[in-house]
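Have a look at the structure below, then the notes.
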Amino acid sequence: MATDEVTEGASWIGRSVKRADGRDKLTGRAKYVDDYAPAGCLHGATVRSAKPHARIKRIDGRAACRVDGVEAVLTASNIPGTNRMPLIINDYPFLADGVVRFVGEAVALVVAETPEAARRAAALVRVDYEDLPGVFDARDALKPGAPRVFGEDNVFKKFRVRRGDVEKAFAEADVVVEAEFETPYQAQAYIETQGMLAEVEADGTVFVAGSMQCPFYVHDAVAAALGVGQNRVRIVQRPTGGGFGGKEDVPSIVAVHAALAAHVTGRPVKFVYTREEDFLAMSKRHPAFARVKYGARRDGTITACEVNYILDAGAYATLSPAVLFRGTVHAVGPYRIPNVAVDTFAVATNKVPPGAFRGFGQPQITFAQESLIDELAARLGIDPFELREKNALRLGDETATGQVLRESCGFGEALAVARRESGWAEKQKRGAQRRDAETQREEASVIAPSRLGVLALNPVAGAGAGAGADAGAGADAGAGADAEAGAGRRVARGIGVSANYYGVGLGAAGKYIDRAGAHVQVQKDGTVLVAVGNTEIGQGARSSLCQIAAEALGAPFEAVHLLDIDTTRVPDSGPTVASRTTLMSGNAILDAARPIRETLVKVAADVLRVAPGAVMVDAHGYRAASGGEALTFQRVASEAYGRRLPVATQGWTVAAPTSFDENGRGDAYVVYAFSVNVAEVEVDLETFETRVVEVTSVHDIGRVVNPGDAEGQVEGGVVQGMGYALCEEVVLDGAAVKNGNFTGYILPTMADSPAIRVRFVEAPYSAGPFGAKGLAETPIVGPAPAIANAIRDAVGVMARRLPITPERLAEMVWEKKREKKIGRKTEDR
Amino acid sequence: MVARVRGARRFVAGGTDLVVKAKDGKLAPATWIDVAQIRELRGISETRGSVVIGAATPYTEIIESKVVRRVLPALVEACAEIGSVQIRNMGTLGGNLANASPAADGVVPLVAYDAEVVIQRGARKRVIPAVDIATGPGRSCLGQDELITEIRLAKRRRNIAAFLKLGPRASMAIAKVSLALVADLRRGRLSDVRIALGAVAPTVIRATHAEAILEGNILSHDVIARARVAIAESDAIPITDFRSTAAYRRAMCAVLLGRALRVNSDDVGRSGHNPLR
Ligand SMILES: Cc1cc2nc3c(=O)[nH]c(=O)nc-3n(C[C@H](O)[C@H](O)[C@H](O)COP(=O)(O)OP(=O)(O)OC[C@H]3O[C@@H](n4cnc5c(N)ncnc54)[C@H](O)[C@@H]3O)c2cc1C
């Protein structure tokens, strides 16, 4: 149905309805998996590898079995079915069989009457290992002769994109910039750790409920591991305390462990991870290395881009091929570039396997590529915003893969809105003036004391006590500072922009599973049940999908109830990832609702005594186009029941075709969302702490179904992206996670969060429900490079590594100062 | 009473360190003796020459205390920087001292104020300077069953007091470097200078080299510059760990010292008195 059927103000689309699950979550009434404790429930604990790479010689569970309350100790040999997680490359064993490949890998399970007994016993399981050589850096793993973790060359997957002739283009370019970048493991840091509860029902059906994003992945895994038919496995998602990708693939492991233990013991078994265990063994964002090179003409036209992008994929493939695909497609940025060469690799190492994390392979490469765009702008002497505007993809342009943007490209408008709303022009001018003044001052002050007193004290600089006289007391007002920030702090302000696009849905890498089903059933009293295969994981899917159903049926939003997800109620709808839920489940609901609506229109026409074509449907119900009272949805539903008409239907949808050949040519995704982020920062010129003052985040996500929830998504993404930029990093001590809890892993708090200005640009997508595209992931992609560029604007250094901690920033600025000093000295001679 | 508890035993006050360690499995099983409700260990009192803070007084109470705000502003600033509201409602200086973390925020101003810690075991009492409680990271001079009962702080005429902390984020942060400075500034000259540093040595330490340079001297750029070098190069002995680097920590000791002097001397210079008093 077309949107224009709906009268002004009478639509459920574009309304910030209250979240249906909000109250329960806020008041603590929502029941998460750990809140369930069926009678006789056992508790599981996992024995994990202490070795990064080793052969298992023996597992001895005798001491563990003697612990009071221990019911069983299980190893790979207890798995009746296939001991491999079914995903893309089926290499990840649910329990190590013969070899462990990372510290934290599950080796055995202990189930006991209490979680404490299970944990105590797990510590007593003795595993004898024979060490194998390990490899801990993806670049090392690619070298010939490196210890082998996977296949012949440690490469899980590689892609290439070729377009035009990069060599020629670089040779002809007026300006070429190139740099290497590095990004860390980032933890999803969902508030609820992994947890599953399994039970074998009276009829033998294996029932698993817990915290998850992708019930059908869990479904596949449990059926495969237990060797039972998929029709004897029932997976239910409990309210899920966040996922961000971390509940995509690895919950399958937890679920299989619980199901296996329930299958062996015949009792319900619950596994709930501690935070430390979750950090140690669960998925994260891939650490990455990228070398990026741009070539441009003097007028700012970008002519070439070359990218070499390596994902450190850890010990098992998980979703890495798909993560790599997304990074590959978006590697050159949202620009019109005729000559492109992209080579990407997902590489095996003996470390905890990363998997899905919001952004899925894009934040890493976008940080690299968007930072380098600012370097290019600086080299060209062009405003960074202007350079982006000049090269931005527009309707009719081809992406790096040669995909023509035929519709729904609000990028140009997003750039304009971001420029205007962020006050870019004035702020950028202010910065430029300051920098000019600074350069002059620096030139005039070769012997004058440095304004950064700390420089003289940097022990690494080798400047000892003798240079101390150089250390100004700080009484001078801070020549380079924009502002006194109180408490004697001197700060420099900076502003930075980044732009990104984001392919909505699974794209060509996941096209074979890019479908979704829905079941819609109108009840006699005019209430509606909707069942879909995609999950609510805090992103607000429940509200938007109910809004779509209400709009499609002409039903009140309050009358629509979305069932908790249960794999026995709806067909496999693929994963809840890739910002695809509004699009895919939304379309499946529309497909299911269409015949019901047609039926109801006929009924209403009959009651109203008009032709079906003369019936109008909106949020208030069904009425004659000519005017008069509307029939409530309830009335029409009841009339339909009285006439024994079908008002329960199945819907189905399949994503539009996508493609990607061996040279990276094709329509990689069905459609793209576009984002522009502008960040303003304050860098403390003595401590090099960065405070993000304000972020303007503008997104073209097609039609916005629920503006309030959408804004929330963006705000969350901005803060998460800021954490990625400034403080979040899972530190590995060679092989093992070193800061695996919330004391050591630094997440931003509310006190760190900036003012966030969210704006939407709506370029409708004709194949999306009411014109919607997708939102969830794109907000996290842009903030990190925007912040890095703002820091560059403030203190004049380009960060090549995330997070940009005060320590790293201080080193960079100190290094630059040392170079300048040396430079001056040589000039003096 | 303590002696009646058989076997291994431990005191618990706010539990904000102990519970975390217990959950980590880092503690041997023991009977926990709750000292937070002992009346003698709670509250703040004032005599003519000193302020006495009960070892189990929660931070929130210290922060809200009129007398502490008036006499010991650097302690108020430090307590206000600890954890979150919830932590400050539970956590205590007794626990902060006994836990012996080199990054203990509460201990840093106690050291700068020359606080004395009263320790009791049965009827036996001893008084130890705050700086000597910790003997290494997580190690203290407290013997079995020794209870910290109170902390005594002498009232002295000083118009400069500051506590400054650098952490990895704006709140809920473990210090990378912290510094407390108290001194008296009259006609440009500093006296009675005490500087304490957190997180740059195995325990909270006094910055004696920097103190010596500042003591009795006019607060000139040159003096400050020399003190900054001394604190970074001679006083601080930091390590590199995943929280920060030795180089950064060293440099930041100088920054915080400069900042502490700058803020205070500016204020003193402008209005003739320390606004914190
Ligand atoms: C989330 C979080 C944030 C935190 N943030 C900070 C921070 O910013 N800065 C900071 O310094 N600390 C911080 N801490 C650590 C902690 O809150 C402080 O060290 C606090 O002062 C400990 O006091 P407590 O009363 O809770 O000690 P407890 O946990 O009760 O005890 C700690 C230790 O002291 C012993 N003990 C307690 N009282 C006495 C006594 N009277 N006599 C003898 N021994 C005693 C106990 O046996 C135990 O060994 C934080 C902790 C958490 C959990």
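The values are calculated or read from the model by the stated rules, or taken from the named source; none is laboratory data. Keep in mind that this is a model prediction, so the values were computed, not measured. Glycine gets a Cβ as well: all are built from the backbone with ideal geometry, and neighbour counts include every protein chain shown.
Of all the helices (runs of 4 or more DSSP H) wholly in region A:765-829, which have at least 2 residues that are within 14 Å of chain B (Cβ to nearest Cβ) and modelled with pLDDT of 95 or more? First the steps, then the outcome.
Details: elements: A:778-781, A:783-795, A:806-828.
Where helices (runs of 4 or more DSSP H) fall fully within region A:765-829 and carry at least 2 residues being within 14 Å of chain B (Cβ to nearest Cβ) and modelled with pLDDT of 95 or more, they are A:806-828.
Being of a type in the set (G, A, S) and within 11 Å of the ligand (Cβ to nearest atom) is the filter; apply it to region B:135-161 and report the residue that is surrounded by the most Cβ atoms within 10 Å (Cβ to Cβ).
As a first pass, look at region B:135-161 and keep what is of a type in the set (G, A, S): B:136, B:138, B:140, B:143, B:154, B:161.
Subset that is within 11 Å of the ligand (Cβ to nearest atom): B:138, B:140, B:143.
On the way: B:G138: 15, B:S140: 19, B:G143: 9.
The selected residue is B:S140.
Return the only residue of A:V676, A:V670, A:V683 being aliphatic (A, V, I, L, M), within 14 Å of chain B (Cβ to nearest Cβ) and either buried (at least 24 other Cβ atoms within 10 Å of the Cβ) or assigned to a loop (DSSP other than H, G, I, E, B) (or both).
None of the other options fit; the residue is A:V683.
Could you tell me whether B:I82 is modelled with pLDDT of 95 or more, β-branched (V, I, T) and more than 8 Å from the ligand (Cβ to nearest atom)? Please lay out each step first, then the result.
On the way: modelled with pLDDT of 95 or more: yes; β-branched (V, I, T): yes; more than 8 Å from the ligand (Cβ to nearest atom): no.
No; evaluated as a whole, the condition is false for this residue.
Checking B:R169 against (1) farther than 25 Å from B:A246 by Cβ; (2) among the charged types (D, E, K, R); (3) assigned to a loop (DSSP other than H, G, I, E, B), which test does it fail?
(1)
Under 9 Å between Cβ atoms, at least 6 apart or on separate chains: pull out the pairs that start in region B:88-101 with a residue that is within 12 Å of B:A55 (Cβ to Cβ) and more than 6 Å from the ligand (Cβ to nearest atom) and end on any residue that is in a helix (DSSP H, G or I) and among the small types (G, A, S).
If the second residue must be in a helix (DSSP H, G or I) and among the small types (G, A, S), the pairs left are B:L97/B:A130.
If the requirement is being among the small types (G, A, S) and at positive phi, which of these qualifies: A:G355, A:G361? Don't jump to the end; show me each part of the working.
Details: A:G355 fails: at positive phi.
Exactly one residue qualifies, and that residue is A:G361.
Which one of A:G613, A:G628 is more than 20 Å from A:A549 (Cβ to Cβ) and part of a helix (DSSP H, G or I)? Steps first, please.
Numbers: A:G628 fails: part of a helix (DSSP H, G or I).
That would be A:G613, the only listed residue that is more than 20 Å from A:A549 (Cβ to Cβ) and part of a helix (DSSP H, G or I).
Which one of the conditions (1) more than 14 Å from chain A (Cβ to nearest Cβ); (2) away from the ligand (no atom under 11 Å from the Cβ); (3) without any contact (Cβ under 8 Å) to a residue 40 or more places away in the chain does B:V52 fail to meet, given that it meets all the rest?
(3)
Pick out, from region B:180-275, the helices (runs of 4 or more DSSP H) lying fully within it that include 2 or more residues that are within 24 Å of B:C79 (Cα to Cα), more than 8 Å from chain A (Cβ to nearest Cβ) and at pLDDT below 95.
Working: elements: B:208-214, B:221-230, B:246-271.
Because the criterion is at least 2 residues that are within 24 Å of B:C79 (Cα to Cα), more than 8 Å from chain A (Cβ to nearest Cβ) and at pLDDT below 95, the helices (runs of 4 or more DSSP H) in region B:180-275 that meet it are B:246-271.
Being near the ligand (Cβ under 10 Å from one of its atoms), modelled with pLDDT of 95 or more and surrounded by fewer than 16 Cβ atoms within 10 Å (Cβ to Cβ) narrows it down to one of B:V19, B:V67, so name that one. Walk me through it before giving the result.
Numbers: B:V67 fails: near the ligand (Cβ under 10 Å from one of its atoms).
Answer to the selection: B:V19.
Could you list, in sequence order, all residues of region A:375-402 that are assigned to a loop (DSSP other than H, G, I, E, B) and over 16 Å from A:Y765 (Cα atoms)?
We begin by selecting, within region A:375-402, every residue assigned to a loop (DSSP other than H, G, I, E, B); these are A:381-383, A:393-397, A:399-402.
Those that are assigned to a loop (DSSP other than H, G, I, E, B) and over 16 Å from A:Y765 (Cα atoms): A:G381, A:I382, A:D383, A:L393, A:D397, A:T399, A:A400, A:T401, A:G402.
What number of residues in region A:1-13 are surrounded by fewer than 17 Cβ atoms within 10 Å (Cβ to Cβ) and either assigned to a helix (DSSP H, G or I) or at pLDDT 95 or above (or both)?
Filtering region A:1-13 down to residues surrounded by fewer than 17 Cβ atoms within 10 Å (Cβ to Cβ) leaves A:1-5, A:7-10.
Filter once more, keeping what is either assigned to a helix (DSSP H, G or I) or at pLDDT 95 or above (or both): A:3-5.
Looking only at that region, the number is 3.
Would it be correct to say that B:I231 is over 21 Å from A:T743 (Cβ atoms), touching a Gly at 6+ places or on another chain (Cβ under 7 Å) and of a type outside the set (G, A, S)? Walk me through it before giving the result.
Numbers: over 21 Å from A:T743 (Cβ atoms): yes; touching a Gly at 6+ places or on another chain (Cβ under 7 Å): no; of a type outside the set (G, A, S): yes.
It is false that B:I231 is over 21 Å from A:T743 (Cβ atoms), touching a Gly at 6+ places or on another chain (Cβ under 7 Å) and of a type outside the set (G, A, S).
Which pairs have Cβ atoms under 9 Å, sit 6 or more apart or on different chains, and link a residue in region A:506-523 that is within 13 Å of A:G586 (Cα to Cα) to one that is of a type in the set (F, W, Y) and at pLDDT 95 or above?
Taking only residues 6 or more apart or on different chains, the pairs are A:R515/A:W652; A:A516/A:W652; A:G517/A:W652; A:A518/A:W652.
So which residues in region B:102-118 are farther than 30 Å from B:M172 by Cβ and within 11 Å of the ligand (Cβ to nearest atom)? Give the derivation first.
The initial filter retains those residues of region B:102-118 that are farther than 30 Å from B:M172 by Cβ, namely B:116, B:118.
Within region B:102-118, just B:V118 meets the criteria.
Kindly check whether there is at least one residue in region B:10-18 that is closer than 26 Å to B:R69 by Cα, of a type in the set (S, T, Y) and either in the same structural domain as B:V71 (by TED's automatic domain parsing) or touching a His at 6+ places or on another chain (Cβ under 7 Å) (or both). If you could, list the steps in order and put the result at the bottom.
Residues of region B:10-18 closer than 26 Å to B:R69 by Cα: B:13-17.
From what is left, the residues that are of a type in the set (S, T, Y) are B:16.
Next, from what is left, pick out any that are either in the same structural domain as B:V71 (by TED's automatic domain parsing) or touching a His at 6+ places or on another chain (Cβ under 7 Å) (or both): B:16.
Yes, region B:10-18 contains a residue that is closer than 26 Å to B:R69 by Cα, of a type in the set (S, T, Y) and either in the same structural domain as B:V71 (by TED's automatic domain parsing) or touching a His at 6+ places or on another chain (Cβ under 7 Å) (or both).
Find all pairs meeting these conditions: Cβ atoms under 7 angstrom apart; at least six residues apart or on different chains; first residue within region B:1-22 and within 14 Å of another protein chain (Cβ to nearest Cβ); second residue within 6 Å of the ligand (Cβ to nearest atom) and in a helix (DSSP H, G or I).
Here the result reads B:T16/B:I87; B:T16/B:M90; B:T16/B:G95; B:D17/B:G95; B:D17/B:N99, each pair linking region B:1-22 to a residue that is within 6 Å of the ligand (Cβ to nearest atom) and in a helix (DSSP H, G or I).
Quick one: what pairs do we get from region B:67-85, first residue without any contact (Cβ under 8 Å) to a residue 12 or more places away in the chain, second in a helix (DSSP H, G or I) and crowded, with 17+ Cβ neighbours inside 10 Å, C-beta under 6 Å, 6+ apart or different chains?
Close Cβ pairs (under 6 Å, with a partner that is in a helix (DSSP H, G or I) and crowded, with 17+ Cβ neighbours inside 10 Å) amount to B:R69/B:V76.
Mind checking which residues of region A:48-73 are in a strand (DSSP E or B), of a type in the set (D, E, K, R) and out of contact with any helix residue (DSSP H, G or I) (no Cβ under 7 Å at 6 or more places or on another chain)? Spell out how you get there, then give the answer.
Applying the first criterion (in a strand (DSSP E or B)) to region A:48-73 yields A:48, A:54-60, A:70-73.
Next, from what is left, pick out any that are of a type in the set (D, E, K, R): A:48, A:55, A:57-58, A:60, A:71.
The answer is A:R55, A:K57, A:R58, A:D60.
From (1) touching a helix residue (DSSP H, G or I) at 6+ places or on another chain (Cβ under 6 Å); (2) within 10 Å of the ligand (Cβ to nearest atom), pick out the condition that doesn't hold for B:V131.
(2)
Can you name the helices (runs of 4 or more DSSP H) wholly within region B:39-122 that have at least 1 residues being more than 23 Å from B:A199 (Cα to Cα)?
Filter on region B:39-122 gives B:59-64, B:66-71, B:85-90.
Which members of region B:24-49 meet the condition of being near the ligand (Cβ under 10 Å from one of its atoms) and either among the basic types (K, R) or within 14 Å of B:N89 (Cα to Cα) (or both)? Don't jump to the end; show me each part of the working.
Of region B:24-49, the ones near the ligand (Cβ under 10 Å from one of its atoms) are B:27, B:30, B:32-36, B:38, B:41.
Correct list: B:A36 only.
Which condition number in (1) closer than 30 Å to A:A516 by Cα; (2) crowded, with 24+ Cβ neighbours inside 10 Å is the one that A:G723 fails?
Failing condition for A:G723: (1).
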